[in-house]
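Enquirer: Let me begin by handing over the structure; questions about it come next.
The values are calculated or read from the model by the stated rules, or taken from the named source; none is laboratory data. Treat the numbers as computed from the prediction; the structure is a model and nothing was measured. Here the Cβ is made from the backbone with ideal geometry for all residues, glycine too, and neighbour counts use every protein chain on show. For accessibility, only protein heavy atoms count, side chains too; no ligands or nucleic acids. Shrake-Rupley method; radii C 1.70, N 1.55, O 1.52, S 1.80 Å.
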There are 2 protein chains.
Amino acid sequence: MRVAPRAQRRMEQWRWPSRYDDDDRPTDGQPYWFPYRETMPPVEREAAILERVRDVMRWCWERAPFYRRKWSEAGVSPETIRTLEDFERVPVVTKEELRSTQAEHPPFGDYLCVDEAEVVHVHGTSGTTGRPTAFGISRDDWRVIANEHARVLWAMGVRPSDTVFIASFFSLYMGSWGVLIGAERLGARVFPFGAGVPGQTRRAVMWCREIRPTAFYSTPSYALHLSEVAEDMGVDPREFGLRRLIFSGEPGASIPSIRGKIERLYGAEVFDSGSMAEISPWMNLAESAARAGMLVWQDMVYTEVCDPRTLRRVPYGAEGTPVYTTLHRRSQPMVRLLSNDLTRWEAGPSACGRTYPILPRGIYGRIDDMFTIRGENVYPSAIDDVVMALPGYGGEHRIVISRQEAMDELVVRIEYDDATRVAGEASIDALRRRAETELRTVLGVGAKIALVPPGTLERTEFKARRVVDDRDLWREARAT
Amino acid sequence: MRVAPRAQRRMEQWRWPSRYDDDDRPTDGQPYWFPYRETMPPVEREAAILERVRDVMRWCWERAPFYRRKWSEAGVSPETIRTLEDFERVPVVTKEELRSTQAEHPPFGDYLCVDEAEVVHVHGTSGTTGRPTAFGISRDDWRVIANEHARVLWAMGVRPSDTVFIASFFSLYMGSWGVLIGAERLGARVFPFGAGVPGQTRRAVMWCREIRPTAFYSTPSYALHLSEVAEDMGVDPREFGLRRLIFSGEPGASIPSIRGKIERLYGAEVFDSGSMAEISPWMNLAESAARAGMLVWQDMVYTEVCDPRTLRRVPYGAEGTPVYTTLHRRSQPMVRLLSNDLTRWEAGPSACGRTYPILPRGIYGRIDDMFTIRGENVYPSAIDDVVMALPGYGGEHRIVISRQEAMDELVVRIEYDDATRVAGEASIDALRRRAETELRTVLGVGAKIALVPPGTLERTEFKARRVVDDRDLWREARAT
């Protein structure tokens, strides 16, 4: 590692407010985008992170009533944080809080820390629990997101000579856009194909065979689906010539059996990545070329794996829920955002030489009852809200998640009431159609509705008992 | 017009190879992005275009075997072009030629004029006639496209304070991407929402009401569909607060009755724009704030409205088919690309002061039998190819285009054969499913299949007779 001491000291473009040199890029043979920052002793990195956390907190304190109110109530402020242990006393932010502050201060909430006129990109969540969360991103943040995704893709081995085929939906979801602008920033060729429109998968097969991309981004489910469609068309996915498949949105890519299956089908290496929609770069957890678990890129998003009760860090080797703090975002900074995901972390370094902590099995569960289906986060409570408000609802229902031919399927079994039973087939059909339409609007994914006569389903006191997740993916995730 | 003579002379960033200053932008009150270039005497502009046409031809001559071969056979070369009348002798390029040269020299054809490694963005046509055309775009061209779309949006009155909601599909189609990067370059806020996924329109209504965009981009059909979905949800589209609706992909926006209907529904102004997927910026034909027909932005894409037989320009006031020459693209320059569209042009200036020619009624027809449905170009021959190859095909079919609740609908009526009739319902169903799947793959839009018994349809010798376009949109377009 030939790095000048001076470059070490300034940690390669480490500054606040963050701004990366948009023309800078390592030579192809260089494994690290920022050689020192990625391999530095963790204790030194943590010292820099502590300073940065205070910068970010000051930024929020001065600009965001949301944070100032929250922190004042908890008796913390940027000035009371002298160690990373002190930082663990900063109260976590929940997704529900973001939604409710946005409802009160539409559209971006009172945690927007730039002038609203500076917001140049609007994205958002799918609004699975009724009100979606809007992301307002400034021009500077958009460039930061591009630069950080480029670094992560570089660590996976993506180079300017690669062609990256993006087979995920371009809309609210930041995943597709992050990979796009990251790959553009890296200098790779991008093919933003998208997904989700009927018939598009067959066309994806045609184009992959024609353009022969070297890297591919989607959800693991979609890659499995694409391989089945290809086989149906008489095409072996190995013909695409892919070398890397990059995934997020589901736990599949870190589950050995799923990962192995995809690697065999495509003859390519699988890389897992992710974090949360509210956090961008959402690839702040991502495998490197060493492929031995996701790295926790602490100098982008400071991540604490926490005890779900105390919300303080657990030691390396233990299990907990990630809590995220963005270190470079200015428009809607997240300070201790609670993920409710479940993981186990280990101390670095990784075999690739990076000194970040490692998540050997990726993200493998939830500490609440949310589930992910075809890349969308779904809360059973959102389904409950819709179903229970249906005229003709008979008082009980079940949510069943299964897998049909590689694609997740969501089935909602609903009892209709006696009046509907008496009114006959037309009324039952009307109830089914209404349930389908309303659930699709709220969830962003289609659900199959199975109507059953009054009294069919056993009554339950517990919401979670209404959910049956029958996918091998999740069974294996729980069992691994 | 206070423009320095020197700025006039160099026509504001007019250079070859083209490169625009990415930080430059007029002040909000300024109606023109490039005051002189847009209002200069047409004869001076044409002199500059002639020089540029020769630059572009030299670029192609030296780099593209496709063009050198084609031009050599026709006895023309960059050096033989001394006037714009000379240029009319340059043979036109057809879409079929592009497809066949791409088949021979995959994936970008031997008209790619940059090193293949310089291609950083891949897009393409939907491949309605079997093999799609791939667009390979260099980084420099991508920036040119952004800058030129920004200029056109500026002329419509879009400003950095606007929020542009993009409600068209992000995939191969350049329309969505052109508006996106143009609006980004202009400094506006963008909300790249996309379209095409089941249930997405209801979510578009929710988000429009929440974010209150000021400008909206889609096809006219989709805007009509969105308004119906909004009404179904009890939302008046006027609540969105839109000021401008920008359309392309269909003739609707230039047809007075459709335009008036959309303007009344949204309480906003409609702007028509377009050209061809192979030409980017595809908004080189576009209305300005004067809204008196589409301007022909000749300094971006030199457009000749030609007699379809002689392929030489018709005089202003006459009808013909546009032939396009890109003046700034280097990766896949188009020199005299034949559109097969139908329009009438008039001499400028427009009421906005721009001295470009004007298309008072926009693009209102085709000189071949192609039709456009939900933004996709469809050739009847592509449908014929699929349908005639179906096992069980009874020897005749009809293509009916109609409009159901604001969305175009494509119905293909197919006779099945005697063997299928004898085999019964299951065989007929299998034929229907196969026809649906294969047509969707080839066309990119779904078709309804209506199977009819052998001998039902009258036999025809002429392909075009198989097509019945029953949409008011097109009836009115023909009648206006």
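Enquirer: Is the shape of chain B best called rounded, prolate or oblate, per the rule: a/c under 1.5 gives rounded, else a/b larger than b/c gives prolate, else oblate, with a ≥ b ≥ c the square roots of the Cα gyration tensor eigenvalues?
Expert: Details: a/c = 1.89, a/b = 1.30, b/c = 1.45.
It comes out oblate by the Cα gyration axes.
Enquirer: Quick one: which residues, 5+ away or cross-chain, put their amide H under 5 Å from the amide H of A:HIS121? H built at 1.01 Å from N.
Expert: A:ILE137, B:VAL190
Enquirer: Using only atoms on other chains, find how many Cβ atoms lie within 10 Å of each Cβ of peptide A:195-205 and report the average. Before the final figure, lay out the partial values.
Expert: Numbers: counts 2, 7, 12, 8, 11, 8, 1, 5, 10, 1, 1.
Mean number of neighbouring Cβ atoms from other chains: 6.
Enquirer: Based on Cβ point charges of +1 for Lys and Arg and -1 for Asp and Glu, what charge dipole magnitude is obtained for region B:293-425 about its Cα centre, in debye rounded to the nearest 20?
Expert: Numbers: 15 positive and 19 negative charges, 187 e Å.
In debye, rounded to 20, region B:293-425 gives about 900.
Enquirer: Going through region A:242-328, which trypsin sites (Lys or Arg not before Pro) have at most 11 other Cβ atoms within 10 Å and a DSSP loop state? Please report the intermediate quantities before stating the final value.
Expert: On the way: sites: A:ARG243, A:ARG244, A:ARG259, A:LYS261, A:ARG264, A:ARG291, A:ARG309, A:ARG312, A:ARG313; in loops: A:ARG243, A:ARG291, A:ARG309, A:ARG312.
Here the sparse-neighbourhood loop sites are A:ARG309.
Enquirer: Name the long-range amide H neighbours of B:ASP408: under 5 Å, sequence gap of 5 or more, or other chain; modelled H, no Pro or chain starts.
Expert: B:ARG374
Enquirer: A further question follows. Once the other residues with Cβ under 9 Å from the Cβ of A:ALA150 are scored (Lys, Arg +1; Asp, Glu -1), what is the net sum? Intermediate results must be reported in sequence, preceding the final value.
Expert: Numbers: positive: A:ARG25, A:ARG151, A:ARG185; negative: A:GLU148, A:GLU184.
That works out to +1.
Enquirer: Let me ask something additional. Cβ neighbours within 10 Å, averaged per peptide: list A:51-58, A:80-87, B:142-149 in order, most packed at the top. Before the final figure, lay out each step's value.
Expert: Values: A:51-58: 19.1, A:80-87: 14.8, B:142-149: 23.0.
Per-residue Cβ counts within 10 Å, averaged per peptide and sorted highest first, yield B:142-149, A:51-58, A:80-87.
Enquirer: Across peptide B:120-126, what mean number of C-beta atoms from other chains lies inside 10 Å of a residue's C-beta? Mind dumping the intermediate values first?
Expert: On the way: counts 8, 6, 12, 4, 6, 0, 1.
Other-chain Cβ atoms within 10 Å of each residue's Cβ, averaged: 5.
Enquirer: Let me ask something additional. Work through the residues other than A:GLU425 whose Cβ is under 14 Å from its Cβ and net out their charges, Lys, Arg +1 and Asp, Glu -1. Don't jump to the answer; show the numbers that get you there.
Expert: Working: positive: A:ARG421, A:ARG432, A:ARG433; negative: A:ASP429.
Once positives and negatives cancel, what remains is +2.
Enquirer: Another question about this same structure. Which ³J(HN,Hα) values in Hz, rounded to whole numbers, follow from the phi angles of region A:292-300 under the Karplus curve 6.51 cos²θ - 1.76 cosθ + 1.60, where θ = phi - 60° and Gly and Pro get x?
Expert: After applying 6.51 cos²θ - 1.76 cosθ + 1.60, I find 10, x, 7, 7, 9, 6, 5, 7, 9 Hz.
Enquirer: What average number of partner chain Cβ atoms lie no more than 10 Å from the Cβ of the residues making up B:179-186?
Expert: Numbers: counts 0, 2, 0, 0, 1, 4, 0, 0.
The per-residue average across the peptide is 1.
Enquirer: Turning to a different aspect of this structure: Looking at region B:113-208 only, what percent of DSSP beta bridges run antiparallel? Nearest 5 please.
Expert: Working: 5 of 9 bridges.
Around 55 percent of the beta bridges assigned by DSSP in region B:113-208 are antiparallel ones.
Enquirer: Relative to the longest principal Cα axis of chain B, at what angle does helix B:42-63 sit, 0 to 90 degrees, rounded to 10?
Expert: With rounding to tens, the tilt is 70 degrees.
Enquirer: In nm, what does the list of distances from A:PRO26 to its counterparts in the other copies look like, shortest first, when each label sits 7 Å along Cα to Cβ?
Expert: 4.6
Enquirer: Enter the Cα centre distance for the pair region B:140-157 and region B:28-88, rounded to the nearest angstrom.
Expert: If we compute the Cα centre of each part, the gap is 19 Å.
Enquirer: While we're here: Using unit Cβ charges (K, R positive; D, E negative) and no other charged atoms, how large, in debye to the nearest 20, is the dipole of the protein assembly as shown about its Cα centre?
Expert: Numbers: 130 positive and 138 negative charges, 331 e Å.
I would put it at about 1580 debye.
Enquirer: What residue in chain A has the Cβ closest to the axis turning A into B, and how close is it in whole Å?
Expert: Nearest to the symmetry axis by Cβ: A:PHE170, 2.
Enquirer: In the protein assembly as shown, what % of DSSP beta bridges are antiparallel (nearest 5)? List each step's numbers first, then the result.
Expert: On the way: 76 of 126 bridges.
Antiparallel bridges make up about 60 percent of those DSSP assigns within the protein assembly as shown.
Enquirer: If you don't mind, another one. Does the protein assembly as shown classify as rounded, prolate or oblate by the C-alpha gyration tensor (a ≥ b ≥ c root eigenvalues; a/c under 1.5 gives rounded; else a/b over b/c gives prolate, otherwise oblate)? Before the final figure, lay out the partial values.
Expert: Details: a/c = 1.64, a/b = 1.23, b/c = 1.33.
Oblate, since a/c reaches 1.5 and b/c is not below a/b.
Enquirer: Follow-up. With the label 7 angstrom out along Cα to Cβ, how close does A:SER100 come to the same site in each of the other copies, in nm, nearest first?
Expert: 6.9
Enquirer: Would you grab the residues whose amide H sits under 5 Å from the one on A:ARG366? Only those 5+ places off in sequence or on another chain, please, with H modelled 1.01 Å from N.
Expert: A:LEU342
Enquirer: Something else about it: What number of lysine-lysine pairs in the protein assembly as shown show an alpha-carbon separation below 29 angstrom, given a sequence spacing of 8 or more or placement on distinct chains?
Expert: Total qualifying Lys-Lys pairs in the protein assembly as shown comes to 11.
Enquirer: Further question: Can you give the helix-only mean residue ellipticity at 222 nm for the protein assembly as shown, where every DSSP H stretch with n ≥ 4 adds -39500 (n - 2.57) and the sum goes over all residues, rounded to the nearest 500 deg cm²/dmol? Intermediate results must be reported in sequence, preceding the final value.
Expert: On the way: 30 runs with 332 residues, N = 960.
Helices in the protein assembly as shown give a 222 nm mean residue ellipticity of -10500 deg cm²/dmol.
Enquirer: So, one more: I need the inter-copy label distances for B:ARG58: point set 7 Å along Cα to C-beta, values in nm with one decimal, smallest first.
Expert: Result for B:ARG58, in nm, nearest copy first: 5.7.
Enquirer: Net charge near A:VAL114, counting Lys/Arg +1 and Asp/Glu -1 over other residues with Cβ under 11 Å of its Cβ? List each step's numbers first, then the result.
Expert: Working: positive: A:ARG63, A:ARG139, A:ARG329, A:ARG330; negative: A:ASP115, A:GLU116, A:GLU118, A:ASP140, A:ASP141.
Value of the local net charge: -1.
Enquirer: Compute for chains B and A the buried accessible surface, both sides summed, probe 1.4 Å, and express it in Å² to the nearest 100. Each step should come with its number before you reach the end.
Expert: On the way: alone 19520 and 19540 Å², together 34930 Å².
So the buried area, both faces added, is about 4100 Å².
Enquirer: In degrees from 0 to 90, rounded to the nearest 10, what is the angle of the helix B:65-74 Cα long axis to the longest principal axis of chain B?
Expert: Once rounded, the angle reads 80 degrees.
Enquirer: Count the DSSP beta bridges whose two residues both fall in chain B, then state the antiparallel fraction as a percent rounded to the nearest 5.
Expert: Working: 38 of 62 bridges.
For chain B, the DSSP antiparallel bridge percentage is about 60.
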